[in-house]
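For reference, the structure is listed below as structure tokens.
The values are calculated or read from the model by the stated rules, or taken from the named source; none is laboratory data. Everything numeric here is computed off the predicted structure, so don't read it as measured data. Cβ placement follows ideal geometry from the backbone for every residue including glycine, while neighbour counts extend to all protein chains displayed. Only protein heavy atoms, including side chains, enter the accessible area calculation; ligands, DNA and RNA are left aside. Shrake-Rupley method; radii C 1.70, N 1.55, O 1.52, S 1.80 Å.
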Amino acid sequence: MTVARINPSILSADFVNLQSELEAIRSADYVHVDFMDNHFVPNLTMGPPIVERIQAVSPIPLDMHLMIADADRWAPGYAELGAFSVTFHAEATDDPVALARRIRDIGARAGVALKPGTEATPYLEILHEFDQLLVMTVEPGFGGQAFMANMMPKLAQIAEAKRRHGIDIWLQVDGGITVDTIGQAVEAGADTFVAGSAVYGGVPEERIAELRAAAQTHVH
Ligand code: DX5
Ligand code: ZN
């Protein structure tokens, strides 16, 4: 059976109580940590000193999402903090393949993220260079936005190329994932689901279980 990984985003957590907010999602697969630089996106979150502490206390591994400009300069440093996975934006680097190779050399999984306006076509023949491809289903920058169902054809196009080439890349979706929208993303070929407000808007353990159940009804 296909897997459905649930990665809660701590962007919607209480930042003053991060340790207990991390404990509350220990039944999830990975913790999704959003980095924003008030430049690549019009919002600001955290940097290395805070993520070092998150890394130290988190019961589950870190899935880092870098929404920062000049990824070539900064992404390897995040990988060196001991992340399980580092995803940079395709729009923030001139050479995604070279950057992914540097991240893999450090020992983290390398992910590339596509904003809603970014075409998948240039990546379909180089999927083997990445461990994860993130299809944004909102404009990056803020939690709690509505799911863009019109991204599903792009996701399906990537999933088709993954099958055709027989590549073991994880297909992640991020933005507006709820029990009502997760099924569409499963159907289009996603296997890894970020959810911020849907998890922290209620009792996290219950919300994670509900998302898993909703995903499983669509998994083939
Ligand atoms: C948005 C971030 C997301 C955000 C998702 O730019 O990348 O990870 O936390 O939040 P929800 O699930 O509330 O849309
Ligand atoms: Zn994210």
Next item on the list: Check every one of the helices (runs of 4 or more DSSP H) wholly within the range 124-220 and list those with 2 or more residues that are more than 12 Å from ligand 1 (Cβ to nearest atom) and crowded, with 18+ Cβ neighbours inside 10 Å.
Entry: 152-165, 182-188, 204-216
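Any chance you could count how many residues in the range 43-67 are under 14 Å from residue 11 (Cβ atoms) and assigned to a loop (DSSP other than H, G, I, E, B)?
Step one: of the range 43-67, the residues under 14 Å from residue 11 (Cβ atoms) are 43-46, 50-51, 54, 62-67.
Filter again for assigned to a loop (DSSP other than H, G, I, E, B), leaving 43, 45-46.
Residues flagged as under 14 Å from residue 11 (Cβ atoms) and assigned to a loop (DSSP other than H, G, I, E, B) within the range 43-67 amount to 3.
Restricting attention to the range 35-48, does a residue exist that is in contact with a helix residue (DSSP H, G or I) (Cβ under 6 Å, 6 or more places away or on another chain), within 19 Å of residue 88 (Cα to Cα) and within 16 Å of ligand 1 (Cβ to nearest atom)? Walk me through how you get there before you give the answer.
Applying the first criterion (in contact with a helix residue (DSSP H, G or I) (Cβ under 6 Å, 6 or more places away or on another chain)) to the range 35-48 yields 40.
Now restrict to residues that are within 19 Å of residue 88 (Cα to Cα): 40.
From the residues that got through so far, the ones that are within 16 Å of ligand 1 (Cβ to nearest atom) too are 40.
For the range 35-48, residues in contact with a helix residue (DSSP H, G or I) (Cβ under 6 Å, 6 or more places away or on another chain), within 19 Å of residue 88 (Cα to Cα) and within 16 Å of ligand 1 (Cβ to nearest atom): present.
Output yes when any residue across the range 74-87 is of a type in the set (Ser, Thr, Tyr), within 16 Å of ligand 1 (Cβ to nearest atom), in contact with a helix residue (DSSP H, G or I) (Cβ under 8 Å, 6 or more places away or on another chain) and assigned to a helix (DSSP H, G or I), and no when none is.
Start the filter on the range 74-87 by keeping residues that are of a type in the set (Ser, Thr, Tyr), which leaves 78, 85, 87.
Right, trim to within 16 Å of ligand 1 (Cβ to nearest atom) and you get 78, 85, 87.
From the residues that got through so far, the ones that are in contact with a helix residue (DSSP H, G or I) (Cβ under 8 Å, 6 or more places away or on another chain) too are 78.
Those still in the list that are assigned to a helix (DSSP H, G or I) too: 78.
So far as the range 74-87 goes, yes, one or more of its residues are of a type in the set (Ser, Thr, Tyr), within 16 Å of ligand 1 (Cβ to nearest atom), in contact with a helix residue (DSSP H, G or I) (Cβ under 8 Å, 6 or more places away or on another chain) and assigned to a helix (DSSP H, G or I).
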Item checked: Of the criteria (1) in contact with a strand residue (DSSP E or B) (Cβ under 8 Å, 6 or more places away or on another chain); (2) over 23 Å from residue 21 (Cβ atoms), which one residue 172 fails -> (2)
Check: Any idea which of (1) within 16 Å of the chain's Cα centre (by Cα); (2) part of a loop (DSSP other than H, G, I, E, B) is the one residue 32 doesn't satisfy?
Finding: (2)
Notebook entry, point to check: Within the range 92-106, can one find any residue that is open to solvent by 30 Å² or more (accessible area, probe 1.4 Å) and within 16 Å of ligand 2 (Cβ to nearest atom)?
Noted result: no
